[in-house]
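Heads up, the thing below is written out as structure tokens.
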Amino acid sequence: MNQSIQFNDGAEWQEKEQRLMFTGQMLGTSLSCYISRRYLEQLAGRPLSRPEELLQAYEGLRFDIEELAEHKMEEQEFSEDGAIYLY
């Protein structure tokens with residue numbers, strides 16, 4: 001794990017966008033990270049219909065998700081808005 005990249009606790013379900021938002025820091029800069037419902041369901045291997053299920057799945061897969069986001073950060077795969085998107 002890259003010590004210059006850290007992730008904060010917690011995530012927030014964004015119903016309208018159908019995604020979870022979590023945050024991290026890279027070299028002291030705060031970053032927004034997003035994972036789509038569809039990708040989270042793919043990682044979980046099952047459909048997730050309620051916000052509580054989505055948040056539980058995120059927590060259960062958190063280290064894998066953070067590793068995916070960290071890889072995108074290291075490869076400088078930021079979107080135009082500076083965020084990391086996992087779709």
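Brief remarks on what is shown
- Positions within region 35-47 being in contact with a Lys or Arg (Cβ under 7 Å, 6 or more places away or on another chain) and farther than 16 Å from Glu67 by Cβ, in sequence order: Ser36, Arg37
- Taken over region 61-79, the residue count meeting the criterion of being of a type in the set (Phe, Trp, Tyr) and closer than 16 Å to Ala11 by Cα is 1.
- Residue check, Gly82 assigned to a loop (DSSP other than H, G, I, E, B) and either modelled with pLDDT of 95 or more or surrounded by fewer than 17 Cβ atoms within 10 Å (Cβ to Cβ) (or both): yes
- Of the residues making up region 1-43, those that are open to solvent by less than 50 Å² (accessible area, probe 1.4 Å), of a type in the set (Val, Ile, Thr) and either at pLDDT 95 or above or out of contact with any helix residue (DSSP H, G or I) (no Cβ under 7 Å at 6 or more places or on another chain) (or both) are Thr23, Ile35.
- Arg46 vs. criteria open to solvent by 70 Å² or more (accessible area, probe 1.4 Å), within 18 Å of Gln14 (Cβ to Cβ) and modelled with pLDDT of 95 or more: no
- When region 1-32 is filtered for residues that are over 14 Å from the mean Cα position of the chain (by Cα) and of a type in the set (Asp, Glu), only Glu15 remains.
- Taking the listed residues Glu74, Glu70, the one that is touching a strand residue (DSSP E or B) at 6+ places or on another chain (Cβ under 7 Å) and in contact (Cβ under 8 Å) with a residue 60 or more places away in the chain is Glu70, with no other qualifying.
- Residue in region 49-60 that is farthest from Gly82 (Cα to Cα), counting only those that are exposed (fewer than 15 other Cβ atoms within 10 Å of the Cβ) and of a type in the set (Gly, Ala, Ser): Ser49
The values are calculated or read from the model by the stated rules, or taken from the named source; none is laboratory data. This is a predicted model, so every value here is computed, not measured. Using ideal geometry, Cβ is built from the backbone for each residue, glycine included, and neighbour counts are taken over all protein chains shown. Accessible surface areas use protein heavy atoms only, side chains included; no ligands, DNA or RNA. Shrake-Rupley method; radii C 1.70, N 1.55, O 1.52, S 1.80 Å.
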